[in-house]
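S.K.: I have a structure here, written as C-alpha cells, and I will follow up with some questions on it.
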Amino acid sequence: MLDLDKNTDRSYNDLIFLKPLFHNKIWGGRRLAEEYGYDIPEGAVGECWAISAHPNGDCEVASGAFEGNTLSELWVSHRELFGNAEGDRFPLLIKILDAKDDLSVQVHPDDTYAAEHENGSLGKSECWYILDAKENGDIVVGQNASSKEEFAAMVEQGKWSELLNYVPIKAGDFFRIDPGTVHAIRTGTLILETQQSSDITYRVYDYDRLGDDGKPRDLHLAQSLEVIDYAQKAPTSGEITAPEIDGKTELMSCKYFSVEKYEIHEAKTIAQPWPFMCISVIEGEGTVCADGGNGVEHRICKGSHFIAPASSGSLRFTGTMTLITSHLPHTK
Ligand code: ZN
C-alpha cells in the first residue's frame, strides 16, 4: 500500500523531479541516450515520457519526500500539490520523441467525438516544439482537401503527396496540433511534445509499410474521415511569431493547457501562480531553487524535467538555459 504518512506532518513546497520512462518504437533511434544522456533500453527507442501519470507510463518521483511514489499516486493522495485541480487523472503528458523514421499519418478526435465513440475518453490536443531537424527536414501538419468526400477520393486515388500538407522545419519551430488536424512526424526529427494525457489516435496512412509480422498496420480511415477538420487552414511554416518579452515567449494556449518558452541568461525568477507547472530544460544547464523549497538548490541540465507544485512560490534560476513550461490555462 501507498505509505505517504511521512509527508502528512508538513506541507511540501519543493520541486518534484520525475524519472523519465522510455518506449521502444519501430520508428525510434538512439538519440535519447546519445544527446540527452538518458539510460534507455536496448533497440529503437522512440519516446521519453518525461512527465506522465498515464496508465501506459506512470513516472516515479526521483528524489525528496515523495521518492518512489508515482505521479498518479500523488495526484490521487496529495491533490493539494496540484492546487486541488479537478479531474480523475493528471491532465498533461510531456514527451520527447526521437523519430529516426517517419511516423504514421494520424489524427486525434475532440472530446465530444471521443466521449461518444471511445467509452467516454478525452480527445487530444497536442503541440510540438522542434528540438532538432535534419537538413531539408519536413513534417506533416494539416491537409489540403476541403471536404470529407474530397479527402476520401484523394485517398482512394493514392494522391498522398497532394493531400498531405508538408511543412519545412528547423530547430526552434513550433506547431499547434488541435483535434482534427492531420499530422505526422517525419524522419530525423527530435520533438518536445506537450499534450493532454490521452491516447486516442486514428491512423490515416502508414506509407504502405509492413509491420514486423509482414502485414500493413491497421488504419482507421472511417473514424479519421469523421474527425478531420476540413475548414482548418494548413500552416506553411512553424516559425514562432509571438514576441519574446523579457526572455519569455507564449507559444500557445487552449482550453486544456498553456505552453511557454523561457530563455535564462545568468539568472531569472519565474512566477508560479498556477495550480502546478511542468518544466523541461531543453538546452544548457544551471540551478533552480523554489521560494518554498527551504533554500534547496537543484542542479538541472538539458533533459531535466520537474513539476513546481501549487505552493512552490517563485522559481529562481541561475545559468544559461532554455526551458519549455506548461500549465493549466487558469490560475489557482
Ligand atoms: Zn498526435
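The values are calculated or read from the model by the stated rules, or taken from the named source; none is laboratory data. Note that the structure is a prediction, hence the values are computed from the model and not measured. To get the accessible areas, we keep the full protein, side chains included, count just its heavy atoms, and leave off ligands, DNA and RNA. Shrake-Rupley method; radii C 1.70, N 1.55, O 1.52, S 1.80 Å.
S.K.: With θ set to phi - 60° and the Karplus curve 6.51 cos²θ - 1.76 cosθ + 1.60, what are the ³J(HN,Hα) couplings of segment 99-110 in order, to the nearest whole Hz, using x for Gly and Pro?
M.R.: For segment 99-110, the Karplus-derived couplings read 9, 6, 10, 5, 8, 5, 7, 9, 8, 10, x, 8 Hz, x marking Gly and Pro.
S.K.: Oh, and also: Name the most mobile residue of 151, 317, 90, meaning the one with the largest mean-square fluctuation, in a Gaussian network model of the chain with Cα contacts below 10 Å.
M.R.: 151
S.K.: Taking just the alpha-carbon atoms of segment 219-282, what radius of gyration and Dmax come out, in angstrom?
M.R.: Rg and Dmax of segment 219-282, Cα atoms, are 17.2, 53 Å.
S.K.: Below 8 Å, C-alpha to C-alpha, sequence gap of six or more: please give me the relative contact order for the chain in percent. Write down the numbers at each step before the final one.
M.R.: Working: 834 pairs, mean separation 62.0, N = 332.
Reported relative contact order: 19 percent.
S.K.: How big is the Kirkwood radius of the chain, worked out from every pair of different alpha carbons and given in Å to one decimal? Let's see the in-between values first.
M.R.: Working: mean 1/r = 0.0482 Å⁻¹.
Evaluated over the chain, this radius sits at 20.8 Å.
S.K.: Working with all protein chains in place, sort 212, 229 by solvent-accessible area computed with a 1.4 Å probe, largest first. Before the final figure, lay out each step's value.
M.R.: Working: 212 155, 229 60 Å².
So the residues, ranked largest to smallest area, are 212, 229.
S.K.: Could you work out the relative contact order of segment 1-124, using alpha carbon pairs under 8 angstrom and six or more residues apart, expressed as a whole percent? Kindly include the intermediate steps, with their values, before the conclusion.
M.R.: On the way: 194 pairs, mean separation 30.3, N = 124.
Relative contact order comes out at 24 percent.
S.K.: Just from the alpha-carbon atoms, what are the Rg and Dmax of segment 244-327 in angstroms?
M.R.: 11.9, 34
S.K.: Now, a different point. Apply the Karplus parameterisation 6.51 cos²θ - 1.76 cosθ + 1.60, with θ equal to phi minus 60°, to every residue of segment 35-52 and state each ³J(HN,Hα) to the nearest whole Hz, in sequence, with x for glycine and proline.
M.R.: Residue by residue, segment 35-52 yields 10, 10, x, 6, 8, 9, x, 4, x, 7, 10, x, 10, 9, 8, 8, 9, 7 Hz.
S.K.: Under 5 Å between amide hydrogens, which residues at least 5 positions from residue 272 or on another chain qualify, with H placed 1.01 Å from N in the peptide plane?
M.R.: 314, 315
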